[in-house]
Amino acid sequence: MSTLDYFEVESTDKVGADQYRRLASVVIGDHGLLKVIQKIHIYIDPEVPVFVAVGITRTLLAAIRVSDIGAITNQDGQVIISINEETYLAALLQVLWNRFSKDMVQQPDRFTIMMDLTNEEAEILPDMIVIDPTDTLYKDLIYSMQIICPEGFKVRKQNFLAGKFYFVASEDTLPEDIMPLVREKFALMGETI
Amino acid sequence: MILEPVSYKGGVYRHDEILDLIEDLGGYIIQKHIIAQDVILQALIPKTDIDLLRTIARPLAGEVTTAPLVGTEIAVVSMSLEIHHLPHASCDVAEYLRTEGAKTNMIGLARGFGKRIALMNEEERAIINEHDCAVYLLGNFESCIQKKMPVLRRGITVPILVCGAPEREKLMQIIDPPVDGYIGGVGRFMHRTKEAGEIARLDDIVREVAQVLDTKRAAIAKDPLSVSPARLMDVIISEIPDIRYVTSPIPVVVQIDGLRVKLPFDLYAGEIGDIRIEEGIRIASLAAITPSRMRNYILIKIKPFSETGIRV
């Protein structure tokens, strides 16, 4: 995975490690996390058993605002949004319905949204956030780690804070303090937590 | 007469001539698929007549190939039905075995995952034992395979083939007592098998399954079955008209030593048992007719000659 600055899978079982390297790269790619993860180190010891994934995310993508999705024109209080990015149309409608109610939001055709707004409402409209990628990033990251890790590893502990995440899972009860192990794996990437 | 499993691929045009020929030769059509303008037949035909079939199929642009898995029902056992094991590798393996003529059933264990916590319940065991053999799709770590195999093989009476990421020799070394077949390099993965190396691994599985089933056939040949499963299938299809209303693609599944009939046991088991194959010989006198653990199907296991003293 050339887009990651660091990607290692470490295991006491060499054959298993090679398999998991391919598996992890497929899962990360399939979940669209290649642009998000900067470094990741996975450690699996099937004898203990324990699965540890530690990583660092890149500077997060900017939120998508109404002005990013379409051109906004205001004619005496009648605001018209001409959609040019249909991908986010469903989310945009949801946001507008929640903010202004369904009665106020007219959609005469697929790419046009018309609303009668006050001056204050029209002013805040372009900056309203439609989708914030950070909202789902944590869930996506942890979900992908759950898929990568062996299925029987149901006992887990995870954290994501300030661009650094860790995911530890096992079939048995985890040790009370897993942080030394997590720190050790962060150190292998040249990072601290 | 030795029947050879073959697969015929050709066009729809004049394919009925091939059907008639197979029947005239004393062969049996196990499966027939019409896909757009193509016909795929899985059939058993007399070994000596394969060249004749090829000759007649040539002007119709038909292709006849030997398909060692025709007439077998194979259990592809996945450790769970979670995304970890499905659709890859379980579906890839099951699909590839089907292309070689096998009827495969995927069995997802309720709690087959994990090293220490892996379990198999009585129903799962019973369903696996209804098949000709079971292909176990295990994971990537040899210590896990070693630890969980005793649990997964307990009570299984059909031949077991184990797929796992460690090399074949390593699998043979760690699984004790030995199982019937080993395929290395096929562990847990999450992508479609399409690279040459991956297809080669799937070919290894087909080869190993064919070998295991050949051994099983050879063992059965020492004390032959009272009637050929393919012939029994033909008799049931002609005598039970309701079989035509079964929506399943294969209403009667042929196994090496029996059949699975996809009709309700309570309603049809008696009727099937009373069918006369030849004068004075009922199916019930040649085979054990039992309820299948798979839905409410009928499972027929043909008794050997030594038990019935009859050879039809």
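Based on C-alpha pairs under 8 angstrom that are at least 6 apart in sequence, the stretch A:64-131 has a relative contact order of 44 percent.
Does the stretch B:221-312 come out rounded, prolate or oblate by the C-alpha gyration tensor, with a ≥ b ≥ c the root eigenvalues, rounded set by a/c under 1.5 and, if not, prolate when a/b is larger than b/c and oblate if not?
Numbers: a/c = 1.80, a/b = 1.56, b/c = 1.15.
Prolate is the answer for the stretch B:221-312, as a/c is 1.5 or above and a/b outweighs b/c.
What's the Cα-based Rg to Rh of chain B, Rh via Kirkwood? Don't jump to the answer; show the numbers that get you there.
On the way: Rg = 20.0 Å, Rh = 20.5 Å.
So for chain B, dividing Rg by the Kirkwood Rh gives 0.98.
Springs join every pair of Cα atoms under 10 Å in this Gaussian network model of chain B, and among B:211, B:37, B:173 the largest mean-square fluctuation is at B:37.
Taking a straight Cα-Cα cut-off under 30 Å and skipping sequence neighbours fewer than 8 places away in the same chain, the lysines within cross-link reach of residue B:216 are B:9, B:32, B:47, B:103, B:147, B:148, B:170, B:262, B:301, B:303.
So what's the stretch A:13-89 giving for Rg/Rh, alpha carbon basis, Kirkwood Rh from the mean inverse pair distance?
Details: Rg = 21.6 Å, Rh = 16.4 Å.
Value, to two decimals: 1.31.
Within a Cβ distance under 14 Å of residue A:123, other residues only, what is the Lys/Arg minus Asp/Glu net charge? Don't skip to the answer; put the middle values down first.
Values: positive: A:65, A:99; negative: A:120, A:121, A:127.
With Lys, Arg at +1 and Asp, Glu at -1, the net is -1.
Within 10 Å of each Cβ in peptide B:84-94, how many partner chain Cβ atoms are there on average? Round it to a whole number, please. Walk me through the intermediate numbers first.
Numbers: counts 8, 1, 0, 0, 2, 0, 0, 0, 0, 0, 0.
Counting other chains' Cβ atoms within 10 Å and averaging over B:84-94 gives 1.
Near residue B:180, once Lys and Arg are set to +1 and Asp and Glu to -1 for all other residues with Cβ below 15 Å from its Cβ, the sum equals 0. Karplus-derived 3J(HN,Hα) values for the stretch B:189-206, using 6.51 cos²θ - 1.76 cosθ + 1.60 with θ = phi - 60°, are 8, 10, 9, 5, 7, 9, 6, 4, x, 6, 5, 4, 5, 5, 5, 4, 4, 4 Hz; glycine and proline are entered as x.
For peptide A:142-151, the mean count of partner chain Cβ atoms within 10 Å of a residue's Cβ comes to 3.
When its C-alpha radius of gyration is set against 2.2 N^0.38 Å (N residues), the stretch B:73-221 gives a value of 0.94.
Over chain B, what is the relative contact order in whole percent, taking alpha-carbon pairs under 8 Å and six or more residues apart?
Details: 602 pairs, mean separation 41.9, N = 312.
Answer for chain B is 13 percent.
Approximating the spin labels as points 7 Å out from Cα along Cα→Cβ, the residue B:86-to-residue B:58 distance works out to 4.7 nm.
Over the residues of the stretch A:54-102, compute the C-alpha Rg and express it relative to 2.2 N^0.38 Å.
Values: Rg = 14.7 Å, N = 49, 2.2 N^0.38 = 9.7 Å.
After normalising by residue count via 2.2 N^0.38 Å, the value is 1.52.
With 5 Å bins beginning at zero, the pair-distance distribution over Cα atoms of chain A amounts to 1, 7, 14, 16, 13, 9, 7, 8, 8, 7, 6, 3, 1, 0, 0 %.
For peptide B:183-190, compute the average count of partner chain beta-carbon atoms within 10 Å of each residue's beta-carbon. The partial results should precede the final answer.
Working: counts 0, 1, 2, 1, 7, 6, 5, 9.
Mean shielding by partner chains, rounded to a whole number: 4.
Tell me the mean residue ellipticity at 222 nm calculated for chain B from its helices only (DSSP H runs of n ≥ 4, each -39500 (n - 2.57), averaged over every residue, nearest 500). Write down the numbers at each step before the final one.
Working: 11 runs with 111 residues, N = 312.
-10500 deg cm²/dmol, from helical runs alone.
Relative contact order for the stretch B:1-42: 50 percent, from Cα pairs under 8 Å spaced at least 6 residues apart, divided by residue count.
Can you list which of the trypsin sites (Lys or Arg not before Pro) found in the stretch B:96-190 are DSSP loop residues with at most 12 other C-beta atoms within 10 Å? Show your work: numbers first, answer last.
Details: sites: B:98, B:103, B:111, B:115, B:116, B:125, B:147, B:148, B:153, B:154, B:168, B:170, B:188; in loops: B:111, B:115, B:116, B:154, B:188.
Hits after loop and neighbour filter: B:116, B:154.
Highest mean first, the peptides B:189-200, B:72-83, B:258-269 sorted by other C-beta atoms within 10 Å per residue fall in the order B:72-83, B:258-269, B:189-200.
By definition, a body whose alpha carbon gyration tensor gives a ≥ b ≥ c is rounded when a/c is under 1.5, and the stretch A:64-131 falls into this rounded group.
Can you give the net charge of the other residues whose Cβ lies under 14 Å from the Cβ of residue B:247, counting K and R as +1 and D and E as -1? Kindly include the intermediate steps, with their values, before the conclusion.
Numbers: positive: B:244, B:262, B:295; negative: B:242.
For residues surrounding residue B:247, the net value is +2.
Calculate, for residue A:155 and residue B:279, the FRET efficiency according to 1/(1 + (r/R0)^6) with r their C-beta to C-beta distance and R0 51 Å; round to the nearest 0.05.
On the way: r = 67 Å, r/R0 = 1.31.
Calculated value: 0.15.
Highest mean packing comes first when the peptides A:112-123, A:143-154, A:181-192 are listed by Cβ atoms within 10 Å, giving A:143-154, A:181-192, A:112-123. In order along the stretch B:35-45, phi translates into HN-Hα couplings of 10, 6, 9, 9, 10, 10, 10, 10, 9, 10, 10 Hz, rounded to whole numbers, per the Karplus curve 6.51 cos²θ - 1.76 cosθ + 1.60 with θ = phi - 60° and x for Gly and Pro.
The numbers here are math on the coordinates, done by the rules we state, and not lab data. Computed from a predicted model, the values in this text were never measured in an experiment. For neighbour counting, all protein chains shown are included, and Cβ atoms are generated from backbone atoms with ideal geometry for every residue, glycine included.
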